[in-house]
Protein chains: 2
Amino acid sequence: MKRNVIVGQSGGPTAVINASLYGVVYEALNREDACGTVYGMINGIEGFLNDQIMDMEPLEQSGKLELIRTTPGSFLGSCRYKLPEDLGDEVYPKLFEKFAQYGIGYFFYIGGNDSMDTVSKLSRYAEQIGSDIRFIGIPKTIDNDLVHTDHTPGFGSAAKYVASTVREIALDASVYDNKKSVTIVEIMGRHAGWLTAASVLARKFEGDNPVLVYLPETAFDPEKFLGDVRAALEKVPNLVVCISEGINDGQGTFICELASSVGVDTFGHKMLTGSGKYLENLVKEKIGVKVRSVELNVLQRCSSAMLSGTDQKEAIASGAYGVKCAIEGATGKMVAFRRLPGEDYRTDYVLEDVNAICNQEKTVPAEWITKDGSDVGREFTAYALPLIQGEVKVPSENGLPLFAYR
Amino acid sequence: MKRNVIVGQSGGPTAVINASLYGVVYEALNREDACGTVYGMINGIEGFLNDQIMDMEPLEQSGKLELIRTTPGSFLGSCRYKLPEDLGDEVYPKLFEKFAQYGIGYFFYIGGNDSMDTVSKLSRYAEQIGSDIRFIGIPKTIDNDLVHTDHTPGFGSAAKYVASTVREIALDASVYDNKKSVTIVEIMGRHAGWLTAASVLARKFEGDNPVLVYLPETAFDPEKFLGDVRAALEKVPNLVVCISEGINDGQGTFICELASSVGVDTFGHKMLTGSGKYLENLVKEKIGVKVRSVELNVLQRCSSAMLSGTDQKEAIASGAYGVKCAIEGATGKMVAFRRLPGEDYRTDYVLEDVNAICNQEKTVPAEWITKDGSDVGREFTAYALPLIQGEVKVPSENGLPLFAYR
């Protein structure tokens, strides 16, 4: 019996979240044996509650489906809507009435921790009421902080962007190499430093920039930082320092909070800004050399210029794998990656229990961070390098990248 | 008679300043009839005063010369050294003694306004003392603010980066399109808004983002800005606003000065930062929607990901043209571009008097800016679009761009 499909995107966008969407939609459209109409939710579960859905099949004829593979951002729109903890809340029967109304049998949600929380709650509620709708999470986050998976689609492209951009910033910073200078690059990552760690891939030799790298996993001490900078300037006149936006004192205070007040987003996450700016002013005042801070900001998650071929391929494959597993009966699972042993990089796609994944955060292992907390070791490079391999040609028109829009 | 060649780079780097260097060096090495040793100055005229020079010929054998065509930053290093106004200063005979010592007959300086000032002073001093060394300026600046030339190498690639990045930021900003938001993008340009204007190339249709664009050429009124934003939010829920770092009140006060203190660089230019941040806080306080500011910072001048094929080709050709003209006897000139009439984009390379160029700034014509000062007209698009055409493949290694280093 054919069952209709619905797919949504949630949380912050990445360069390949639409590649995952492509994987889900392409596979579902090609499984005519099992899948009926393939719907997209506009603005995730929040939009679905307001009946904002679209039929995805026409995208194939219009050529948009091909184009979304290289379009950054969330083609379907996103939301930051958290379902109530109480499965007795009235929103659940309302949602399942809508699923029935649209004949939904397969539900796919592409996102990070918070999105997996949605998959977890919906699958648990389905079990309670004996619904046979299958709920599958497709992983996505530039932060690479999902547990029970080797890595996450979106990280590879963001890491490639960070590494190549830091290499370019180091070139830019070195043009006045007869004068000392410090350039501080602020990289996304509240609690997990994976993306900041990826900046070390920019190095071409031992001791090359970025010389100092600070992750949120290690307590940050501004006085020790100043000592590190002073010492590094003796060896490298144009110093590049990479910091995570979430560097903190190890006791819950973000470094940026030392400078300014912070807001809170709808999930209760502190909204960060300004660690780089704070340290820029600190270096200016205490060391007195020329100093600049660069915040990579949203560019690290929305640039199509540095798509990793590996990342894009895996994003598509994880979406398609989710569809295959759902048809075979899986529910309450997230698609995960298992790295196979051996010299060459290879991964298997597997399913993991979404309840064990949601609301957890995988941080960079302490043993991968150097003892003094200002660098990562070779383990990280070996881990991350395969994920940034391969280039993707983005279609262009009139000198600019051509993207798909709803 | 063969004469030795020296070439230097000065001022801020661009994505194609090394393409111009390639043009000079490649042409000089191939003009064995006229040119002897080809030297590069390390850190411009300042390094040359300390005998910091290198022989460029070995770069050809090592393959570095090919690679510098796609390497951003200043391969030779740069300086911000201003020669004294008084041609009677002792630095002039000192420099010309060094020229004699190295057998220099041809001097090429790749840079913007301040670098042309150096070419102007050296050529005027040469005339005073009857030296036959030929001094030629090769234009370079992302700001596109040199007079007596249709445009400047470096602008096309920076414009392509700005337009494609703003298009990506607009995609990123629109993922929560069920909530209103404002994204402010701050783009380089102290007094000339060419690069900020290039953000309009990101639009795909009339009324698309960036909806509002503010250049330093027009007096900026924060109250009017808030009115513009409020009105635009009625039509476009996720508004993208592009501003030049140099927006000002029309009476000499930069908008960023309303927020914080500013420094001054060695040329007496005010060092700007923070107009975007200032307006972010203003919108947050007065309008209350979600707001973010993104400073493109050095990325717009150092990214190799968005090299314009046209820009790179012209940068190389302008360097080579300078060598050709110097050999034919020209001095005290800058290579300039003249756009030829007709539907297809074509340019001629010509020479202009460097004395008429240095220390001048070409701003965006008032008649190209809309009356209300929040947009540019079709004249700008027609002007800029040919300059961002063509893609350049950057060599890569291990997943990252491969660059040349001294």
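I'd like to verify a number: residues in the range B:388-404 that are out of contact with any Lys or Arg (no Cβ under 8 Å at 6 or more places or on another chain) and either assigned to a loop (DSSP other than H, G, I, E, B) or farther than 15 Å from A:SER308 by Cα (or both), how many? Before you say what the answer is, go through the steps one by one.
Keep residues of the range B:388-404 that are out of contact with any Lys or Arg (no Cβ under 8 Å at 6 or more places or on another chain), which gives B:389, B:391-398, B:402.
Now drop any that are not either assigned to a loop (DSSP other than H, G, I, E, B) or farther than 15 Å from A:SER308 by Cα (or both), which leaves B:389, B:391-395, B:398, B:402.
Total meeting the criteria: 8.
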query: Out of curiosity, is B:ILE110 away from chain A (no Cβ under 14 Å) and outside any loop (DSSP other than H, G, I, E, B)?
result: no
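To keep it simple, each residue is scored yes or no on (1) in contact with a strand residue (DSSP E or B) (Cβ under 9 Å, 6 or more places away or on another chain); (2) surrounded by fewer than 22 Cβ atoms within 10 Å (Cβ to Cβ); (3) under 20 Å from A:MET334 (Cβ atoms).
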| site | (1), (2), (3) |
| --- | --- |
| A:GLU97 | no, yes, no |
| A:ILE138 | yes, no, yes |
| A:PRO153 | yes, no, yes |
| A:GLU168 | yes, no, no |
Residue ID - surrounded by the fewest Cβ atoms within 10 Å (Cβ to Cβ), chosen from residues in the range A:46-83 that are within 14 Å of chain B (Cβ to nearest Cβ) and of a type in the set (Gly, Ala, Ser): A:GLY47
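With respect to B:ASP353, is the statement that it is more than 14 Å from chain A (Cβ to nearest Cβ), among the charged types (D, E, K, R) and surrounded by fewer than 17 Cβ atoms within 10 Å (Cβ to Cβ) true? Break it down stepwise before answering.
Details: more than 14 Å from chain A (Cβ to nearest Cβ): yes; among the charged types (D, E, K, R): yes; surrounded by fewer than 17 Cβ atoms within 10 Å (Cβ to Cβ): yes.
Yes; evaluated as a whole, the condition is true for this residue.
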Pairs, first touching a residue at least 12 places away in the same chain (Cβ under 8 Å) in the range A:375-389, second aromatic (Phe, Trp, Tyr), C-beta under 7 Å, six or more apart: A:VAL376/A:TRP368; A:GLU379/A:TRP368; A:PHE380/A:TRP368; A:PRO386/A:TYR345; A:LEU387/A:PHE155
field: Filtered residues of the range B:222-242 (kept if of a type in the set (A, V, I, L, M, F, W, C) and in contact with a Leu (Cβ under 6 Å, 6 or more places away or on another chain))
entry: B:ALA232, B:LEU233, B:LEU239, B:VAL241
message: What's the total number of residues in the range B:76-98 that are of a type in the set (Phe, Trp, Tyr) and within 23 Å of A:SER181 (Cβ to Cβ)?
response: 1
- line: Within the range A:184-210, of all residues that are of a type in the set (A, V, I, L, M) and assigned to a loop (DSSP other than H, G, I, E, B), the one nearest to the other protein chains (Cβ to nearest Cβ) is A:MET188
- line: Selection from the range A:272-323 of residues over 30 Å from B:SER396 (Cβ atoms) and small (Gly, Ala, Ser) yields A:GLY274, A:SER275, A:GLY288, A:GLY322
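With respect to B:SER318, determine if the residue is more than 14 Å from chain A (Cβ to nearest Cβ) and within 25 Å of B:GLU391 (Cβ to Cβ).
On the way: more than 14 Å from chain A (Cβ to nearest Cβ): yes; within 25 Å of B:GLU391 (Cβ to Cβ): yes.
It is true that B:SER318 is more than 14 Å from chain A (Cβ to nearest Cβ) and within 25 Å of B:GLU391 (Cβ to Cβ).
One line per residue, one yes/no per condition, for (1) in contact with a strand residue (DSSP E or B) (Cβ under 6 Å, 6 or more places away or on another chain); (2) buried (at least 24 other Cβ atoms within 10 Å of the Cβ); (3) touching a residue at least 60 places away in the same chain (Cβ under 8 Å); (4) β-branched (Val, Ile, Thr):
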position: A:ASP172; (1), (2), (3), (4): no, yes, no, no
position: A:ASN178; (1), (2), (3), (4): no, no, no, no
position: A:SER181; (1), (2), (3), (4): yes, no, yes, no
position: A:ARG190; (1), (2), (3), (4): no, no, yes, no
position: A:GLY193; (1), (2), (3), (4): yes, yes, yes, no
position: A:GLU206; (1), (2), (3), (4): no, no, no, no
position: A:ALA219; (1), (2), (3), (4): no, no, yes, no
position: A:ARG230; (1), (2), (3), (4): no, no, no, no
position: A:LYS235; (1), (2), (3), (4): no, no, no, no
- prompt: With respect to B:TYR39, is the statement that it is more than 10 Å from chain A (Cβ to nearest Cβ) and within 15 Å of B:ALA404 (Cβ to Cβ) true?
  reply: no
statement: Filter the range A:371-406 for residues that are of a type in the set (S, T, N, Q) and within 30 Å of A:GLU206 (Cα to Cα); the one that is farthest from the chain's Cα centre (by Cα) is A:SER374
query: Among the residues of the range B:211-248, which ones are part of a loop (DSSP other than H, G, I, E, B) and over 19 Å from B:GLU361 (Cα atoms)?
result: B:VAL211, B:PHE220, B:ASP221, B:VAL236, B:PRO237
statement: Exactly one of B:ALA320, B:ALA382, B:ALA330 is assigned to a helix (DSSP H, G or I), surrounded by fewer than 21 Cβ atoms within 10 Å (Cβ to Cβ) and at pLDDT 95 or above, and that residue is B:ALA382
field: Residue selected from the range A:1-11 under the condition part of a strand (DSSP E or B) and more than 14 Å from chain B (Cβ to nearest Cβ), by the criterion farthest from B:ASN178 (Cα to Cα)
entry: A:ARG3
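Listed here are the residues, each with its yes/no results for (1) farther than 16 Å from B:PHE48 by Cα; (2) in a helix (DSSP H, G or I); (3) among the aromatic types (Phe, Trp, Tyr).
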| site | (1), (2), (3) |
| --- | --- |
| B:GLU60 | yes, yes, no |
| B:GLU66 | yes, yes, no |
| B:LYS82 | no, no, no |
| B:TYR106 | no, no, yes |
| B:MET116 | yes, yes, no |
| B:ALA126 | yes, yes, no |
Check on B:ALA159, surrounded by 24 or more Cβ atoms within 10 Å (Cβ to Cβ) and of a type in the set (Gly, Ala, Ser): yes
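Can you tell me how many residues within the range A:55-92 are of a type in the set (Phe, Trp, Tyr) and at pLDDT below 95?
Start the filter on the range A:55-92 by keeping residues that are of a type in the set (Phe, Trp, Tyr), which leaves A:75, A:81, A:92.
Adding the requirement that they be at pLDDT below 95 leaves A:81.
So the count comes out to 1.
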query: A:PRO72 fails exactly one of the following numbered conditions: (1) more than 21 Å from A:CYS325 (Cα to Cα); (2) touching a Cys at 6+ places or on another chain (Cβ under 6 Å); (3) not in a loop (DSSP other than H, G, I, E, B). What is the number of that condition?
result: (3)
- line: The residue that is surrounded by the fewest Cβ atoms within 10 Å (Cβ to Cβ), considering only those in the range B:288-307 that are facing chain A (nearest Cβ under 7 Å) and hydroxyl-bearing (Ser, Thr, Tyr), is B:SER304
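If you take the residues of the range B:167-183 that are β-branched (Val, Ile, Thr) and within 10 Å of another protein chain (Cβ to nearest Cβ), which of them is farthest from the chain's Cα centre (by Cα)?
Quick first cut of the range B:167-183, residues β-branched (Val, Ile, Thr) only: B:169, B:175, B:182-183.
Add one more test, that the residue is within 10 Å of another protein chain (Cβ to nearest Cβ), and what stays is B:169, B:175, B:183.
On the way: B:ILE169: 22, B:VAL175: 33, B:THR183: 25 Å.
Once the filter is applied, the top-ranked residue is B:VAL175.
State yes or no: is B:GLY342 on the phi > 0 side of the Ramachandran plot, touching a residue at least 60 places away in the same chain (Cβ under 8 Å) and assigned to a loop (DSSP other than H, G, I, E, B)?
No.
Conditions tested, residue by residue: (1) on the phi > 0 side of the Ramachandran plot; (2) charged (D, E, K, R); (3) assigned to a helix (DSSP H, G or I); (4) surrounded by fewer than 20 Cβ atoms within 10 Å (Cβ to Cβ).
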position	(1), (2), (3), (4)
A:PRO13	no, no, no, no
A:LEU21	no, no, yes, no
A:GLU32	no, yes, no, yes
A:VAL38	no, no, no, no
A:GLU85	no, yes, no, yes
A:GLY88	no, no, no, yes
- prompt: Can you name the number of the only condition in (1) within 14 Å of chain B (Cβ to nearest Cβ); (2) in a loop (DSSP other than H, G, I, E, B) that A:ASP372 fails?
  reply: (1)
message: Can you tell me which of (1) out of contact with any Cys (no Cβ under 7 Å at 6 or more places or on another chain); (2) crowded, with 17+ Cβ neighbours inside 10 Å; (3) within 20 Å of B:GLY329 (Cβ to Cβ) is the one B:LEU146 doesn't meet?
response: (3)
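The values are calculated or read from the model by the stated rules, or taken from the named source; none is laboratory data. Keep in mind the model is a prediction, meaning the values are calculated, not measured. Virtual Cβ from ideal backbone geometry, glycine too; neighbours counted across all protein chains shown.
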